[in-house]
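What follows is a set of notes on a single structure, which appears directly below.
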Amino acid sequence: MRSAPGWMIWVLMMTCWLPGVRAEDAASREAQEAVLRVLDRAFCAPNEIFPQPNSWIEQPIRPDRWAKDGALAVTLDQQIHQLLLPEITRYAREHDLDIRVREGTCGTSAGLVSRKAVDIGGFCCPPGKSDRLPGLTFHTLGIASIAILAHPENPLEGLTLDQLKGMFQGRQRLWSELGEVSGKSAPAWEIQPVGRLHCKLRPGHWRALLWDPDDFSPRMEEVGTIPDMIQRVLAQRGGIGYETLWHVNHFAERFPEKGRPRALRLDGVAPDDVPALLQGRYPFYHVFNLTLWEGEGVANPRARALVEHLVKAVEGMDPRMSMIPAAALRQAGWQFQKEELVGAPPRP
C-alpha cells in the first residue's frame with residue numbers, strides 16, 4: 001500500500017491539533033486580529049485583467065534567443081528555481097524534451113511573460129494587477145512560511161508583530177529597548193534590519209510586515225539576493241532579516257563558520273508550525289505560482305503537462321522544504337479560483 005503523501009500528513013496534524021486549542025486571552029486575540037489584518041493585503045482581486053491591444057492579444061509566443069530552439073521556454077523566480085530545477089531536468093530527460101530554464105526574479109518572469117517570450121513563468125508571490133494579462137492563468141504550487149531570522153548568538157526566541165514592525169521602521173535602535181522577551185533579556189546590540197524588497201508591484205511576502213517600501217527604516221540594509229540576506233544576518237550580531245526555511249538551510253551551508261540564523265517565533269508561532277500556517281495564524285509566507293497561456297495561438301499542451309506535473313510533484317517533496325502544496329491548502333479551506341490561490345482561509 002502506498003504511504004500517505006507529506007501534505008496529507010500535515011492536514012492530519014492540523015486536525016489532531018484543533019481539539020487541543022484552549023480559549024485565547026485578550027493578548028492572543030489581539031495578535032490574531034493583527035494577523036488577519038495582514039492577510040487582507042496578501043492578494044489582489046483575481047478578476048481584474050490588465051487590458052492589452054488586439055495586436056498583443058493576437059501575438060503568438062516567441063521565445064527569446066536563449067530559448068529559441070527549445071521545446072519549452074521557462075523562467076523561474078530565484079525562490080523556486082532551486083526547488084524545481086531538479087524535477088524539471090528529470091521530466092525533460094524522461095520525456096526527451098529540450099526545456100530551456102532561466103533563473104531570475106518575479107520581475108524577470110513578469111517582463112518575459114508580458115512580451116510573450118516564455119511558455120511558463122514562475123513567481124514567488126501572488127500576481128499584481130499588471131500581471132493579470134489576457135489569456136494568462138496562474139497555477140499555485142503551494143506556500144512556504146517566511147522565517148524571521150536573527151544572529152545565532154541572539155538569545156531571544158521570539159518577537160511580537162508590533163516589535164518586528166518597530167525594528168524595520170526604525171522605532172527601536174537597540175535590542176535592549178525590547179526589555180525582557182519570553183523571560184529572556186534582550187542584548188544591548190544595535191538593531192540592524194536587513195531587507196529584500198523584491199516584487200514591489202505585488203502583494204504578500206514582505207508587504208505583510210510593512211505595506212509601503214517607504215515605511216522601512218533608512219538604516220535598513222537592503223540586499224538583492226537570497227544568499228546575501230542570510231550572509232548579512234550572520235555577519236552582524238544585531239541583524240534581523242527574513243527568508244524561507246528551505247533557503248536558510250540550503251544557503252547557510254555556504255557559511256559554515258558563521259553558524260545558522262536563528263528562526264524566531266512571531267507572536268508565539270514558529271515558522272515551521274504547519275497547522276498554524278494552514279490556519280492562517282502565521283502571516284508571512286511566499287505563494288509560489290506558475291503561469292500558462294490559454295487560447296488559440298498561445299496554448300501549449302507540453303507546457304500544460306509540465307505545470308500539472310510540477311503541481312503534483314510538490315506534494316511529494318521533502319517536508320523539510322517547508323512548502324505546503326496546493327492540495328493541502330484546498331483541504332484546509334484556503335480560497336482558490338480555478339487553479340490559483342486567491343485568499344487565506346475564511347476568518348473564524
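The values are calculated or read from the model by the stated rules, or taken from the named source; none is laboratory data. All values reported here derive from a predicted model rather than from experimental measurement. Methodologically, a virtual Cβ is constructed for each residue, glycine included, from the backbone with ideal geometry; neighbour enumeration extends over all protein chains shown.
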So which residues in region 321-341 are touching a helix residue (DSSP H, G or I) at 6+ places or on another chain (Cβ under 7 Å), more than 25 Å from residue 118 (Cβ to Cβ) and of a type outside the set (Ser, Thr, Tyr)? 324, 327, 328, 331, 332
Within region 53-92, residues of a type outside the set (D, E, K, R) and surrounded by fewer than 16 Cβ atoms within 10 Å (Cβ to Cβ) come out as 53, 54, 55, 56, 57, 59, 60, 66, 85, 86, 89
Tally of residues being at pLDDT 85 or above and of a type in the set (D, E, K, R) across region 192-206: 2
Please report, ordered by residue number, the strands (runs of 3 or more DSSP E) entirely within region 78-191 with at least 1 residues that are on the phi < 0 side of the Ramachandran plot and free of Cβ contacts under 8 Å to residues at least 40 places away in the same chain. 99-104
Contact list please: Cβ distance under 8 Å, first residue in region 43-71 and farther than 18 Å from residue 139 by Cβ and in contact (Cβ under 8 Å) with a residue 12 or more places away in the chain, second residue among the hydroxyl-bearing types (Ser, Thr, Tyr) and surrounded by 10 or more Cβ atoms within 10 Å (Cβ to Cβ), pairs at least six apart or on different chains. 50/130
Would you check if residue 260 is among the basic types (Lys, Arg) and either within 30 Å of residue 333 (Cα to Cα) or outside any helix (DSSP H, G or I) (or both)? yes
Filter region 209-225 down to residues that are charged (D, E, K, R) and assigned to a helix (DSSP H, G or I) and give me whichever is surrounded by the fewest Cβ atoms within 10 Å (Cβ to Cβ). 214
Residue 237 - would you say it is under 23 Å from residue 81 (Cα atoms) and either without any contact (Cβ under 8 Å) to a residue 12 or more places away in the chain or not aromatic (Phe, Trp, Tyr) (or both)? no
Residues being surrounded by fewer than 24 Cβ atoms within 10 Å (Cβ to Cβ) and either in contact with a Ser or Thr (Cβ under 6 Å, 6 or more places away or on another chain) or over 30 Å from residue 69 (Cβ atoms) (or both) - total across region 114-129: 2
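May I ask you to list the residues in region 114-126 that are at pLDDT below 95 and either farther than 21 Å from residue 334 by Cβ or out of contact with any His (no Cβ under 7 Å at 6 or more places or on another chain) (or both)? Write out each step before concluding.
Filtering region 114-126 down to residues at pLDDT below 95 leaves 124-126.
Correct list: 126 only.
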When residue 264 is evaluated against the numbered criteria (1) in contact with a strand residue (DSSP E or B) (Cβ under 8 Å, 6 or more places away or on another chain); (2) farther than 27 Å from residue 189 by Cα, which criterion, by number, is the only one it fails? (2)
Of the listed residues (230, 226, 324), the one being in contact with a His (Cβ under 6 Å, 6 or more places away or on another chain) and of a type in the set (A, V, I, L, M) is 226
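Return the residue satisfying two criteria in turn: it lies in region 247-257 and is touching a residue at least 60 places away in the same chain (Cβ under 8 Å) and surrounded by fewer than 20 Cβ atoms within 10 Å (Cβ to Cβ), and of such residues it is nearest to residue 151 (Cα to Cα).
Only one residue tops the list, namely 249.
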Just to be sure before I move on: is residue 206 surrounded by 14 or more Cβ atoms within 10 Å (Cβ to Cβ) and farther than 15 Å from residue 286 by Cα in the structure I sent? no
Of (1) over 20 Å from the mean Cα position of the chain (by Cα); (2) of a type outside the set (Val, Ile, Thr); (3) crowded, with 19+ Cβ neighbours inside 10 Å; (4) at pLDDT 90 or above, residue 189 satisfies all except one. Which? (3)
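Matching residues to (1) crowded, with 16+ Cβ neighbours inside 10 Å; (2) touching a strand residue (DSSP E or B) at 6+ places or on another chain (Cβ under 7 Å); (3) among the small types (Gly, Ala, Ser):
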| position | (1), (2), (3) |
| --- | --- |
| 142 | yes, yes, yes |
| 151 | yes, yes, no |
| 168 | yes, yes, no |
| 174 | no, yes, no |
| 178 | yes, no, no |
| 185 | no, no, yes |
